[in-house]
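**Q** I have a structure I would like to understand better, so I am pasting it below and will then ask my questions one at a time.
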């Protein structure tokens, strides 16, 4: 079975930055997205899995066999790992079919098997009829798919994608994410996809591993991570969130600057940090008074920035905002308890 396992993996990168310990798995048939800001260790993790870097501690296993750690370090060329780089790293002087032939050199494959693999990989990404094209003759989407075909042709145990769509426009990114998902579902190859884009993560992942400063902040399904963020960092990084300090008023209820909210999981606490998503708040004449700062059009509604008592919040409204306008804001949904200690500063505040 194709499977990746990281067990307490560590890497000393510099005096100021160390990665890990990281423990997570990517079973057959799953896409795990590593999500986090630049410099949090996402790409370093891929380099360790691919074998380009050596671990400082812990083990990495592919298909149940240790490939890094415990005195073992299997050469990258001997790991069946497919990689799609952010730059794509396609050779400009090679036709599409030659790009795939090149990565199969030295694999000991008979000509028939080699050409069969190449044809299947190109057909899988919809480029079989473009196999004689040079990179400069391909569109942006075709280049992305060629890079993926080159990763798949080696029959990998896992595919690693390092922010491959960062240069794509929104429409192209949406199409390619659907293509990656289709191909992965068909082949059931484990994949790790690195991004700092929360929309990509939510659209693609079976599981999201949120990283911060070389550590894992949270590992869960997109729904778990979005609806039940473990920390203020996760709540603020994955989607819009209002992080508030709340005071208990009994029976699982809490008083916040925007009014009362229910949070049964925090029952028994006198005070707590809570995450309230904008969709749990609406503009209502029955709500507390807030001043509109700005708004962003989201198709069927507006995401408004409002202020109350010196604090800023994000809420949804149905009408275009007028900066300086006073509106009523009411909590209509629930809140989620954050595990952070109250002494920690909020992420993202200026």
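Values quoted throughout were computed directly from the atomic coordinates according to the rules given, and no laboratory measurement underlies them. Predicted model, so just to flag it, every value in this text is computed and none were measured. Ideal geometry is used to build each Cβ from the backbone, glycine not excepted, and the neighbour counts take in all protein chains shown.
**Q** Okay, helix-only estimate at 222 nm for the chain: each DSSP H run of n ≥ 4 adds -39500 (n - 2.57), divide by all residues, round to 500 deg cm²/dmol; what do you get? Could the numbers behind the result be given before it?
**A** Values: 8 runs with 81 residues, N = 350.
Value at 222 nm, helices only, nearest 500: -7000 deg cm²/dmol.
**Q** Compute the FRET efficiency between residue 326 and residue 181 as 1/(1 + (r/R0)^6), taking r as their Cβ-Cβ distance and R0 = 41 Å, and round to the nearest 0.05. Write out the running numbers ahead of the final one.
**A** Details: r = 45 Å, r/R0 = 1.09.
Using R0 = 41 Å, I get an efficiency of 0.40.
**Q** Also: Please work out, to two decimal places, the log10 of the ratio I(q)/I(0) at q = 0.09, 0.10, 0.13, 0.14 Å⁻¹ from a Debye calculation in which every Cα of the chain carries one identical scatterer.
**A** Treating every Cα as an identical point scatterer, log10 I(q)/I(0) equals -0.60, -0.72, -1.02, -1.11.
**Q** Still on this structure, I have one more. Based on the Cβ-Cβ distance of residue 296 and residue 102, what FRET efficiency does E = 1/(1 + (r/R0)^6) give at R0 = 51 Å, to the nearest 0.05?
**A** That pair, residue 296 with residue 102, gives E of 0.65.
**Q** Whole angstrom only: what separates the Cα centroid of the stretch 281-304 from the Cα centroid of the stretch 19-56?
**A** Going from one Cα centre to the other spans 39 Å.
**Q** Can you say what percent of the DSSP beta bridges in the chain, counting only those with both residues inside, are antiparallel? Round to 5. All intermediate terms of the calculation are to be shown ahead of the outcome.
**A** Numbers: 56 of 74 bridges.
Given both bridge residues lie in the chain, the antiparallel proportion sits at roughly 75 percent.
**Q** So how tilted is helix 140-152 from the main axis of the chain? Cα-based, degrees 0 to 90, rounded to 10.
**A** 60
**Q** Arrange 94, 191, 1 by Cβ neighbour counts within 10 Å, fewest through most, would you? Intermediate results must be reported in sequence, preceding the final value.
**A** Details: 94 14, 191 27, 1 10.
Arranged by neighbour count, lowest to highest, 94, 191, 1 become 1, 94, 191.
**Q** Follow-up. Distance between the C-alpha centers of the stretch 62-135 and the stretch 174-214? Whole Å please.
**A** Between the Cα centre of the stretch 62-135 and that of the stretch 174-214, the gap is 20 Å.
**Q** So what's the stretch 241-337 giving for Cα Rg divided by 2.2 N^0.38 Å, two decimals?
**A** Working: Rg = 13.3 Å, N = 97, 2.2 N^0.38 = 12.5 Å.
After normalising by residue count via 2.2 N^0.38 Å, the value is 1.06.
**Q** Along the Cα→Cβ direction, 7 angstrom out, place labels at residue 319 and residue 77. What is the inter-label distance in nm?
**A** Inter-label distance under the simple model: 7.0 nm.
**Q** Follow-up question, since we're still on this one. For residue 286 and residue 174 in the same chain, what is the full-extension length gain: residue separation times 0.36 nm, less their Cα-Cα distance, in nm?
**A** Working: separation 112, 0.36 × 112 = 40.32 nm, distance 3.92 nm.
Between residue 286 and residue 174, full extension yields 36.4 nm more.
**Q** Further, regarding this structure: Compute the distance in nm between two label points, each set 7 Å from the Cα along the Cα-to-Cβ direction, one at residue 339 and one at residue 86.
**A** With each label point 7 Å from Cα toward Cβ, the separation is 2.9 nm.
**Q** Based only on other Cβ atoms within 10 Å, what is the fewest-to-most ordering of 273, 91? Walk me through the numbers before you get to the answer.
**A** Working: 273 23, 91 12.
So the residues, fewest neighbours to most, are 91, 273.
**Q** Compute the length gained on full extension between residue 111 and residue 13: take 0.36 nm times their separation in residues and subtract their Cα-Cα distance, giving the result in nm to one decimal.
**A** Details: separation 98, 0.36 × 98 = 35.28 nm, distance 4.21 nm.
Gain on extension, residue 111 to residue 13, equals 31.1 nm.
**Q** Quick one: if you stick a label point 7 Å off each Cα along the C-beta vector at residue 223 and residue 270, how many nm between them?
**A** Reported label-point gap for residue 223 and residue 270 is 3.8 nm.
**Q** Same structure, new question: Using only Cα atoms and rounding to the nearest 10 degrees, what angle (0 to 90) does helix 170-187 make with the longest principal axis of the chain?
**A** Once rounded, one gets 60 degrees.
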